[in-house]
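Structure record follows, encoded as structure tokens.
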Amino acid sequence: MVILIACGLQREAKIVEGAGIIPVIGGGDSAGLEQNLENHIELFTPVGLIISSGIAGALDPALVAGDVVIDMKPLPFRSSAAVLSPGQDERRQNWVEVGAVPKRVGLDETESPHPNPSPEGEGLRAALPHAHFGLIIGQDHIAVTIAEKAALAATGALAVDMESHIAARVAARHGLPFMAIRTISDTAHETLPPAALVGMNPDGSMALGRVLVSLARRPGQLPALIRTGKSAEAAFKSLAEVHRTLAPLWPALLA
């Protein structure tokens, strides 16, 4: 039995990889990530768990760089939050509450044929006592501005990323347990500089050339870019600590 971990960057994939774990890189391509997850489920049966893990933007103003946020829901995921479709609101289109999928026919909303590891989160709470447990939402683009983050925070979510909604959808489709484990790279109080928005290639590698071009065109963003880089390093360090902690515990948490 294997665990599939959806992430956006090659660096994240290197952090999360381990025995029985297969990282699946999105690289900012939602459709590609979804298809890759489907392909891996077909190739690596049985899959015991799908996780979304990597860095994320904070929506809760209390969160700082490096904080850990965990979202875990037993299947079938509750469908209380609406999914916004393209055209309803261009700035917020395609975001979806992690787990916001239609309920299965014949199942009560509180029932779960495939409960998540430690359904109430006791195992993860014990292993990661400083983590924040709550809602994570995903969308197909980076949450850039303070205003956008505030709008997303109105959903009650703690953090936002670009992979969790895809991984949750695939998990629900196959009746697999799912959770999201994310570390904060940018706070709710900051708007990301333009160079930070072009720093990822489709394969999840860093696009240093595009970052340098953006910086050359707008050198005034350098202080914000340095701040963003330091915060990202804190998030990557925290992510590595989380997965070092969880690596020997997965068998027990999956039991």
Some residue of segment 28-36 being touching a residue at least 60 places away in the same chain (Cβ under 8 Å), buried (at least 17 other Cβ atoms within 10 Å of the Cβ), in contact with a Lys or Arg (Cβ under 8 Å, 6 or more places away or on another chain) and farther than 19 Å from Val69 by Cβ: yes
Test for Asp89: is it at pLDDT 50 or above and acidic (Asp, Glu): no
Scan of segment 1-38 for residues that are closer than 15 Å to Ile50 by Cα, touching a strand residue (DSSP E or B) at 6+ places or on another chain (Cβ under 8 Å), of a type outside the set (Gly, Ala, Ser) and not in a strand (DSSP E or B), ordered by number: Met1, Val16, Glu17, Leu33, Asn36, Leu37
Only listed residue being among the small types (Gly, Ala, Ser), closer than 23 Å to Thr191 by Cβ and surrounded by 21 or more Cβ atoms within 10 Å (Cβ to Cβ), chosen from Ala143, Ala154, Ala171, Ala150: Ala143
Tally, over segment 219-252, of residues that are surrounded by 13 or more Cβ atoms within 10 Å (Cβ to Cβ) and over 20 Å from the mean Cα position of the chain (by Cα): 5
Filter result for Arg217 (at pLDDT 95 or above and either charged (D, E, K, R) or within 23 Å of Ala127 (Cα to Cα) (or both)): no
Qualifying residue in segment 49-58 (condition: more than 13 Å from the chain's Cα centre (by Cα) and of a type in the set (A, V, I, L, M, F, W, C)): yes
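The values are calculated or read from the model by the stated rules, or taken from the named source; none is laboratory data. Note that the structure is predicted; figures quoted are calculated from it, not measured. Glycine also receives a Cβ, built like all others from the backbone with ideal geometry; neighbour counts cover every protein chain displayed.
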